[in-house]
Amino acid sequence: MLKFINYLLTTIDKTAENSARLAARQFGRRSFLAKTGALLGGAALMPLLPYDRTLGAAYASETAGAEEGSACEYWRHCALDGALCNTSGGTTTSCPPGSQASSVSWVGTCHNPKDGKDYLVSYNDCCGKAPVNGATWCFSSKGERPGYRMGLYNDINWCMANENKSYHCTVAMLVGLADE
């Protein structure tokens, strides 16, 4: 066993050394310093860029209660057709480990009763795992359109655009305020 560990460490050491030598041959110090300087300069300017803080505040205040997001009646789930990810190992806005968000999605407009505003909600299917037994399944078709209006139709396996097409659950992410 000790010989195997020694062999493994030697192999890792040689691989790291060869990778470092290859990188040193391909990239000069000047280009490295120039790219590093540009990265640091760009990162230093990020706080100066303008951004809209109102949606973040609305999102934070509306997602404070965990129980709200776990029911089909939660306002953000007004057009959700599928299993809730927060009952399948993920959260309202993130896929469970081992799955990935679909490359395409459908969008619904949901009314938030707490602030009286309408929000665009993107529903992304999480793909790559089998559905969980006991997950909460919702069928909310408010605002759904016929199948020929693909972006507004929620009865499609949206994992069809991914490499692994198996459906696991659906997340509901706020996109922004809906225009009146």
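The values are calculated or read from the model by the stated rules, or taken from the named source; none is laboratory data. Because the structure is a prediction, the values reported are computed rather than measured. Neighbour counts run over all protein chains shown; Cβ positions are idealised from the backbone, glycine included.
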Practice task
Name the single residue, out of those in segment 51-98 being among the β-branched types (V, I, T) and either modelled with pLDDT of 50 or more or buried (at least 17 other Cβ atoms within 10 Å of the Cβ) (or both), that is farthest from the chain's Cα centre (by Cα).
Solution key: T87
Handout entry: Unmet criterion (only one of (1) among the hydrophobic types (A, V, I, L, M, F, W, C); (2) over 11 Å from A172 (Cα atoms); (3) at pLDDT 85 or above; (4) within 14 Å of the chain's Cα centre (by Cα)) for C138
Key = (4)
Exercise for the section: Give the residues of segment 12-36 that are surrounded by 10 or more Cβ atoms within 10 Å (Cβ to Cβ) and basic (K, R), sorted by residue number. Expected result: K14, R21, K35
Handout entry: Check on S105, modelled with pLDDT under 85, assigned by TED's automatic domain parsing to the domain that holds S166, farther than 15 Å from Y123 by Cβ and in contact with a strand residue (DSSP E or B) (Cβ under 8 Å, 6 or more places away or on another chain)
Key = no
Exercise for the section: Run V104 past the list (1) surrounded by fewer than 16 Cβ atoms within 10 Å (Cβ to Cβ); (2) more than 18 Å from the chain's Cα centre (by Cα) and report the number of the one that doesn't hold. Expected result: (2)
